[in-house]
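Here is the structure we will look at, set down as structure tokens.
The values are calculated or read from the model by the stated rules, or taken from the named source; none is laboratory data. Treat the numbers as computed from the prediction; the structure is a model and nothing was measured. Reconstructed Cβ throughout: ideal geometry from the backbone, glycine too, with neighbour counts over all protein chains shown.
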Amino acid sequence: MFTPSPGLIARGRVTLNDVGLEGVKIYRRFSAYPPELIAVTDANGNYESAFIPIPGDEMVTIEAELAGYIFDPPYYYWRHYHSHEETTCDFAAVSRP
């Protein structure tokens, strides 16, 4: 029986007024490590990371960044257990005032 390696694939869509937003950088962060760029949104606002190995239990944050915008939600944060996980993290962009 095949058991996938423990880790994570993150995917989702970033929108501005319900339209996909291109060029948004998507970062993942583990509890005690600096952020790492895992994807950039395409012309339709979609992204998908490559497989991210996670050797054990870890607190994971996924966040979006693009100059001139803030995002709702500001980030996703959860505990990843020793398993294979595929998760969807969508963001809505709002222009900074």
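Points worth noting:
- Any chance PRO35 is under 14 Å from ALA92 (Cβ atoms) and in contact with a Phe, Trp or Tyr (Cβ under 9 Å, 6 or more places away or on another chain): no
- Selected residue [among the aliphatic types (A, V, I, L, M), surrounded by fewer than 18 Cβ atoms within 10 Å (Cβ to Cβ) and more than 16 Å from HIS82 (Cα to Cα)] from ALA32, ALA64: ALA32
- Selection status of ALA10, farther than 11 Å from ALA92 by Cα, out of contact with any His (no Cβ under 8 Å at 6 or more places or on another chain) and either of a type in the set (Lys, Arg) or part of a loop (DSSP other than H, G, I, E, B) (or both): no
- Cβ-Cβ distances below 7 Å connect the following pairs, each with a first residue in the stretch 31-54 that is over 16 Å from ILE9 (Cβ atoms) and modelled with pLDDT of 95 or more, a second residue that is of a type in the set (A, V, I, L, M, F, W, C) and in a loop (DSSP other than H, G, I, E, B), and a separation of six or more residues or different chains: GLY45/LEU21.
- Restricting the stretch 55-78 to residues that are touching a residue at least 40 places away in the same chain (Cβ under 8 Å) and farther than 23 Å from SER95 by Cα leaves a set whose member that is nearest to the chain's Cα centre (by Cα) is VAL60.
- Number of the condition not met by ASN44 [criteria: (1) touching a Lys or Arg at 6+ places or on another chain (Cβ under 8 Å); (2) assigned to a strand (DSSP E or B)]: (2)
- Within the stretch 82-97, considering residues that are charged (D, E, K, R) and modelled with pLDDT under 95, the one surrounded by the most Cβ atoms within 10 Å (Cβ to Cβ): GLU85
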